Amino acid sequence: MIWFTSDLHLGHESLATQKRGYHSLAAMEHLIIQNVNVRVAPTDTLCILGDFSFRCTVEHARELREKIVCRKVHLIAGNHDKDWSRPEVAKTFSLDPPLMRMKTPEGTGPRALPLPAAQLGGHAPRCHHAPRAHPLRHGRAGTGLV
């Protein structure tokens, strides 16, 4: 199985305590990693589409990654991610370019499931703006008109 998630922001203390409502950063990190490990098997593939960590040392981020039991973890680095090309941490993730095409193993078909960060953190996602229709659907060519 192939799983996708993004924006875990492990290491982001104010996000953990003020916005996500945890009593500590360690509690948030523990719960997110625990929830990943419950859903994603060691033989699955986990793709993290940016912002695995935020404002923590690369060593701490590597320690957090090592707690994830899935062996195949791909990272498309986000703007908050560390420099994973450094020799001492280069093998932490399989680093992928910002845009890529992945092939599924022969005969398995496209079986991919989203793994929303909100689910992993045990909190409900919040919408901070009114939902908008896609500008190219239903005759809307970017004008907002029907």
- Message: Kindly evaluate R20 against the criterion of being farther than 16 Å from L95 by Cβ, buried (at least 16 other Cβ atoms within 10 Å of the Cβ) and among the basic types (K, R).
- Response: yes
- Message: For the stretch 44-100, give me each residue that is modelled with pLDDT under 85, basic (K, R) and out of contact with any helix residue (DSSP H, G or I) (no Cβ under 9 Å at 6 or more places or on another chain).
- Response: K91
- Message: Yes or no: the stretch 67-88 includes at least one residue that is assigned to a helix (DSSP H, G or I), under 17 Å from L120 (Cβ atoms) and in contact (Cβ under 8 Å) with a residue 12 or more places away in the chain.
- Response: no
- Unique match (being closer than 22 Å to A77 by Cβ, free of Cβ contacts under 8 Å to residues at least 60 places away in the same chain and either of a type in the set (A, V, I, L, M) or touching a Leu at 6+ places or on another chain (Cβ under 6 Å) (or both)) among L15, L8: L15
- Message: Restricting to the stretch 33-65, name every residue that is in a helix (DSSP H, G or I), touching a residue at least 12 places away in the same chain (Cβ under 8 Å) and open to solvent by 20 Å² or more (accessible area, probe 1.4 Å).
- Response: N35, N37, R39, E59, H60, R62, R65
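The values are calculated or read from the model by the stated rules, or taken from the named source; none is laboratory data. In this text, all values refer to a predicted model and were calculated from it rather than measured experimentally. Cβ atoms come from the backbone with ideal geometry, glycine included; neighbour counts cover every protein chain shown. Keep in mind that these areas ignore ligands, DNA and RNA; they rest on the heavy atoms of the full protein, side chains included. Shrake-Rupley method; radii C 1.70, N 1.55, O 1.52, S 1.80 Å.
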